[in-house]
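**Student:** Dumping the structure here so I can ask a few things about it.
The values are calculated or read from the model by the stated rules, or taken from the named source; none is laboratory data. Here the structure is a predicted model, which means the values were calculated and not measured. Note that each Cβ is placed from the backbone with ideal geometry, even for glycine, and that neighbours are counted across all protein chains shown.
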Amino acid sequence: MYKRRRRRHIVMPVLAGLLTLATLGSTAFAAPSFSLPQAAAYFSSILCAPNAALAATRRVLDDAMDEDAVPAAQPIDEDDPEAGFWTVGPTEEEMLPQSEAQSVSSGASSVPDGPIPDGMAPLLEAHYEQGAGAGYVSSGAATVRNSTDLPDSEVAAEMMQTLPFQVELNSAEPQVLIMHTHTTETYELEEKNWCDPAFSARSTDLSVNMAAVGAEMAAQLNAAGVNTLHDTTLHDYPSYNGSYAKSNATVRSYLERYPSIKVVLDVHRDAIQRDDGTRVKPVADIGGMKAAQVMIICGADVDGNLPNFKQNLRFASRWQDKMESMFPGLTRPVLFDYRYYNQDLTTGSLLIEMGGHANTLEEAKYSGRLVGQALAALFAEG
């Protein structure tokens, strides 16, 4: 969730810009005109993602002449805090907006014990409970935190209904796509009671970043007969800026190639850090092993940007219930808020946070296995 600066190379952006202009010019008389926000979004992405910018331009031009094409994402500025993207590490209050009494079952404690080296920051663990009262809506064994203006009753009416899609078991065609907008997000590689404040919790090594967690999820689904694809593109490297534009292009490419895909899961980890630099890892004891607590984020519609948000909410509540029923304590409440994470592309598009940057990689991978098992069980029910 952290921005990273990089030196900008000149040759590729210039070539991409010329190719993009040529593409636009060659179709100017056939395609409808671009709006200023769309044009700005495409041209601004040339510097940080020339290949993705060119691919997106081509797709938009193709879509303009294809009524059945996958809808394009809304032109949203990822640097605008009101747009529904976190462009810096979210605060603990943002990620876990519950009272201290509700959220921490037995207080936060250092694990394991021992002195904290000079210059290092404390690392604490905590278990976050389900919410209760106004703003929390029951989803069977779990809860959804309603951070929208919609009445709790309206949210409750949509939840726990039949899934808005049908996953075909043992199908030769892909049913699920797992991907990562922020692929380079990573974890602590050993359990200790301190962390290095300079550690950015990012890595391009697919064996230790979000790709490793997504692989665990995909393995469980495929073993259960749910044909699942796993994309490991580094959408946030070398530039964090434009990550969601690049992952949007990736998802659209998969949907165009495999229209059988019903579910798209964007797998992340969050960053729970206090003002004094202390990092907190959410954990649960599942089967005698420590698992990273997980949280689903489901976006709500703003002016038509997420027309299928209620269908996504049904999926979120059913999956949350299945995880919590099978593995009590694994989940934190679903965050239902005015967020936008390319969740307009299918009726089964969700973002899931697998622990935080203070969790260990093994805790997150264990949760990946549990989450995959619960999702497979849900799909088996239909």
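**Student:** Here is a list of conditions, (1) modelled with pLDDT of 95 or more; (2) surrounded by fewer than 22 Cβ atoms within 10 Å (Cβ to Cβ); (3) among the aromatic types (Phe, Trp, Tyr), and TRP319 meets all of them except one; can you say which number that is?
**Tutor:** (2)
**Student:** Right, something else. Just to confirm my filter: which strands (runs of 3 or more DSSP E) fall fully inside region 129-184 and include at least 1 residues that are in contact with a Leu (Cβ under 8 Å, 6 or more places away or on another chain)?
**Tutor:** Passing ranges, in order: 142-146, 176-179.
**Student:** Taking ALA218 and the conditions (1) free of Cβ contacts under 8 Å to residues at least 24 places away in the same chain; (2) in contact with a strand residue (DSSP E or B) (Cβ under 7 Å, 6 or more places away or on another chain), which numbered condition does it fall short on, given that it satisfies the others?
**Tutor:** Every condition holds for ALA218 apart from (1).
**Student:** Additional query: Taking the condition modelled with pLDDT of 95 or more, surrounded by fewer than 22 Cβ atoms within 10 Å (Cβ to Cβ) and in contact with a Pro (Cβ under 6 Å, 6 or more places away or on another chain), does ASN222 pass?
**Tutor:** No: the conditions fail for ASN222.
**Student:** Please go through region 148-192 and pick out each residue that is of a type in the set (S, T, N, Q) and loosely packed, with under 15 Cβ neighbours inside 10 Å.
**Tutor:** If the condition is that a residue be of a type in the set (S, T, N, Q) and loosely packed, with under 15 Cβ neighbours inside 10 Å, then SER153, GLN161, THR162, GLN166, ASN170, SER171 are the ones that fit.
**Student:** Right, MET326: touching a helix residue (DSSP H, G or I) at 6+ places or on another chain (Cβ under 9 Å), in the same structural domain as ALA201 (by TED's automatic domain parsing) and closer than 22 Å to GLN166 by Cβ or not?
**Tutor:** yes
**Student:** If only one of GLY372, GLY355, GLY304 is assigned by TED's automatic domain parsing to the domain that holds ASN193, more than 25 Å from MET160 (Cβ to Cβ) and either out of contact with any strand residue (DSSP E or B) (no Cβ under 8 Å at 6 or more places or on another chain) or hydroxyl-bearing (Ser, Thr, Tyr) (or both), which one is it?
**Tutor:** When all the criteria are applied, what remains is GLY304.
**Student:** Separate question: Pick from ALA157, ALA211: which is more than 27 Å from HIS357 (Cβ to Cβ) and out of contact with any Cys (no Cβ under 9 Å at 6 or more places or on another chain)?
**Tutor:** Criteria check complete, one pass: ALA157.
**Student:** Looking for something surrounded by 17 or more Cβ atoms within 10 Å (Cβ to Cβ) and in a helix (DSSP H, G or I) - is there at least one such residue anywhere in region 233-244?
**Tutor:** Yes: one or more hits.
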